[in-house]
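Written below as structure tokens is the structure these notes are about.
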Amino acid sequence: KGAKFDNKEFFEAFKGLYVKSDFGDGTVLYVNQVQMNVVYKCYAVDSIKGTPLTTHDGKDSTYYAYRVFNSTREVIQANQLNNDEKINELIKNDKTCTYLKTPAGIFTEATLPITQINEELSGDTLNAVKLTFSNYNQSNSSSNFGMSAPSDVMLIRKKDKDRFFAKNLLIDEVSSFRTSHSTSTNQYTFSNITRLINACINDKKAAEKDIQEKGKVEYTVYNTETGIDEVKSTKDITTWESDTEWNKVVLIPVLVTYDSSSSDNYYGTSNNIIGIQHDLRPGYVKLKGGELGGTLNLEVVYTSFTKSGN
């Protein structure tokens, strides 16, 4: 009574909930909403006099009330999901394609030809860059547990992916982009990632300039264990390239949360995105690519003032 109940004491009294399925390994529970009702005992007070009400035997009148606390993004949800070792071995040894799978996320990584674009289009104006991931047709008829392709995916620079989810960031159309799966073309298409390409080019130029003029380049690397950006420096551009993975992107299935309001614009009515999380619903798709599966489709549109052709 009268004691201060702070976050530390609350965590000691209530460490959380652990939800486990007993329907087998093939079952995934998707928790849609979490809330906590705190019930407390109150003294009944006369609304006019402000004095405690008493019962017929002279005791204070009491009643029970409760407050509802809804879960927010600040509440940690530690999900424990594992892949069968056969799946891990398949993905490791299959060089003819890449995969996306949820949950226990399996992502696709791609290396963009930033250096080639910069060298071949030096002096030209980069207008649009379109990146397409095509997937193979898959049939669910052969399995009772067939999964469909993830509906929404995010393309993000590899160096930023851990920070993005840890900090609850949103798509910025510079280092991160979102698109939906097209069932008519069997593709994930990012219509214009020009700002990402330019950001990669500028990062490389700035690093080379610092090494040339200052003798070293300083940069930050996100530490997943501490949750902070660590400042590093090097005199070698190849070390910087390895640490920052400046030209690599990752394709990640995500769950997009929108607000309840909508806004009208030139293209119609749209809702605002308020949350991006890992997609924990069962999903799977096999993408064209890999070491032996060919290259991705990257279309570059540019304007040249010294030579003809786009």
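Quick rundown of the values:
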item	result
Region 85-99, residues that are touching a residue at least 24 places away in the same chain (Cβ under 8 Å) and either in contact with a strand residue (DSSP E or B) (Cβ under 6 Å, 6 or more places away or on another chain) or farther than 23 Å from G294 by Cβ (or both)	C97, T98, Y99
Candidate set from region 161-178 (those that are in contact (Cβ under 8 Å) with a residue 40 or more places away in the chain and hydrophobic (A, V, I, L, M, F, W, C)); member that is farthest from N198 (Cα to Cα)	A166
Residue among D210, D152, D203 that alone is surrounded by 14 or more Cβ atoms within 10 Å (Cβ to Cβ), in the same structural domain as G105 (by TED's automatic domain parsing) and either basic (K, R) or under 16 Å from the mean Cα position of the chain (by Cα) (or both)	D152
Tally, over region 119-137, of residues that are crowded, with 17+ Cβ neighbours inside 10 Å and touching a helix residue (DSSP H, G or I) at 6+ places or on another chain (Cβ under 7 Å)	2
Unmet requirement for K161, which otherwise passes all of (1) over 10 Å from the mean Cα position of the chain (by Cα); (2) in a helix (DSSP H, G or I)	(1)
Pair list, Cβ under 9 Å, 6 or more apart: region 212-229 residue closer than 15 Å to W240 by Cα and touching a residue at least 60 places away in the same chain (Cβ under 8 Å), other residue assigned to a strand (DSSP E or B) and among the basic types (K, R)	V221/K232
Residues of region 180-195 classified as under 17 Å from F107 (Cα atoms) and either outside the structural domain of V221 (by TED's automatic domain parsing) or surrounded by fewer than 19 Cβ atoms within 10 Å (Cβ to Cβ) (or both), total	3
Elements of type strands (runs of 3 or more DSSP E) contained in region 5-120, each with 3 or more residues being within 30 Å of N198 (Cα to Cα) and of a type outside the set (S, T, N, Q)	97-102
Selection from region 60-80 of residues that are exposed (fewer than 11 other Cβ atoms within 10 Å of the Cβ) and not acidic (D, E)	Y63, Y64, A65, Y66, R67, V68, N70, T72, I76, A78, Q80
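This table checks each residue for (1) farther than 30 Å from F165 by Cα; (2) not assigned by TED's automatic domain parsing to the domain that holds Q277.
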{"residue": "D46", "(1), (2)": "yes, yes"}
{"residue": "L53", "(1), (2)": "yes, yes"}
{"residue": "T62", "(1), (2)": "yes, yes"}
{"residue": "A78", "(1), (2)": "no, yes"}
{"residue": "P103", "(1), (2)": "no, no"}
{"residue": "F107", "(1), (2)": "no, no"}
{"residue": "L112", "(1), (2)": "no, no"}
{"residue": "I117", "(1), (2)": "no, no"}
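The values are calculated or read from the model by the stated rules, or taken from the named source; none is laboratory data. Fair warning: this is a prediction, and the values are worked out from it, not measured in the lab. Positions of Cβ are generated from backbone atoms using ideal geometry, with glycine treated the same way; all protein chains shown enter the neighbour counts.
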